[in-house]
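J.: This is the structure I want to talk about, given as structure tokens.
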Amino acid sequence: MRIFDPHIHMTSRTTDDYRAMYDAGVRAVVEPSFWLGQPRTHPASFYDYFDALLGWEPFRAAQYGIAHHCTIALNPKEAGDPRCLPVLEELPRYLAKDGVVAVGEIGYDSMTPAEDRALAAQLQMAVDHELPAMVHTPHRDKAAGLTRTLDVVRESDLPIEHVLIDHLNETTVAAATDSGCWRGFSIYPDTKMDPDRMVALLRSHGTECVLVNSAADWGNSDPLTPRRVGEAMLAAGFTEDDVDLVLWRNPVEFYGLSGRLDLDAAEPASPTHEGNSVLRGGE
């Protein structure tokens, strides 16, 4: 079973996770830029973080045979913080970099006017840089958030088929499917989807344009949940080809819209990154 996790926050994970992911079949990941758990107080802290997503994390993933790409954005949680707004002016220089395969995570947290502006601005950046967009739906008022998100997307110049709407569930899957966008589902303990619910949605709404991710981060999460979905699909009567479509070919097709996806990029170019390695106490 080959697995491409299209939404995982490896900055929050240990190298042991990379080893376990490889053993489970994970060969590629996309790491969206996101909120770190507490507010950033200076725009420059974003830039160091973006640099890590483009440098250190691909190096670290490569040690374990996993190709790492990222998405870059001012995330919804911080889009309403005036201290963070200068980040929008700096995004173009990051969106031009080869390792960036989408603009994201963008979207809504509290559905404020400031978030409206940030979403619209970053959808335009996706158009300008010929990138797809990866959109976060809010954890609260999810159905209303999806409706508002789709309204803003339709007002933009970005084709709906270049948009991935993530964190969907039973309350939002029908509207997202009808819209023509790509659909993302986070298999995340306690607060999002689980494998059995995901299998039920695949039965009722099909496997086309569906991406399954772990969204694993610093919370109660599990980077192996995509594997568990694949196993649950097989147990429920889906074919190996169905599993491969959902867990590999769909994310490859979506992020391939960027023209920058390189699934052979897992071999490290050197034993160190800027003089550092993942080793401690060795040469």
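J.: Take Leu211, Leu263 and order them by how many other Cβ atoms sit within 10 Å, fewest up front. Intermediate values should be presented prior to the final figure.
T.: Numbers: Leu211 27, Leu263 15.
So the ranking, lowest neighbour count to highest, is Leu263, Leu211.
J.: Have a look at Phe59, Tyr18, Pro195 and report the one farthest towards the positive end of the charge dipole of the chain, computed about the Cα centre with Cβ charges (Lys/Arg +1, Asp/Glu -1).
T.: Looking along the dipole axis, the top candidate is Pro195.
J.: Any lysines with Cα under 25 Å of the Lys142 Cα? List them, leaving off those in the same chain fewer than 8 positions away.
T.: List returned: Lys77, Lys192.
J.: Now, a different point. Shape of region 169-251 from its Cα gyration tensor (a ≥ b ≥ c, root eigenvalues): rounded if a/c is under 1.5, otherwise prolate when a/b > b/c, or oblate?
T.: Oblate, since a/c reaches 1.5 and b/c is not below a/b.
J.: Report the rotationally averaged projected area of region 1-90 based on its alpha-carbon convex hull, in square nanometres. The partial results should precede the final answer.
T.: On the way: hull surface 22.8 nm².
Value for region 1-90: 5.7 nm².
J.: What residue among Ala118, Ala143, Tyr255 has its Cα farthest toward the positive end of the dipole of the chain, where the charges are +1 on Lys, Arg and -1 on Asp, Glu, each on the Cβ?
T.: Farthest towards the positive pole: Ala143.
J.: Ignoring everything except DSSP H segments at least 4 long, calculate the 222 nm mean residue ellipticity for the chain; use -39,500 (n - 2.57) per segment, divide by total residues, nearest 500. Walk me through the numbers on the way to the answer.
T.: Details: 11 runs with 110 residues, N = 283.
Per the formula, -11500 deg cm²/dmol.
J.: Please arrange Thr15, Thr149 by counting, for each residue, the other beta carbons lying within 10 Å of its beta carbon, fewest first.
T.: Details: Thr15 14, Thr149 25.
The order, fewest Cβ neighbours first, is Thr15, Thr149.
J.: Follow-up question, since we're still on this one. For the chain, with only Lys/Arg (+1) and Asp/Glu (-1) charged at the beta-carbon, what is the dipole magnitude about the Cα centre, in debye rounded to 20?
T.: Dipole about the Cα centre, nearest 20: 360 debye.
J.: Any chance you could list P(r) for region 3-256, counting all Cα-Cα pairs in 10 angstrom bins from zero, rounded to whole %?
T.: Pair shares across the bins are 7, 34, 39, 18, 2, 0.
Read-outs: derived from the displayed coordinates by stated rules, not from any lab. Just so we're clear, the structure is a prediction, and the values are computed from it rather than from any experiment. So basically every Cβ, Gly included, is an ideal-geometry build from the backbone, and we count neighbours across all protein chains shown.
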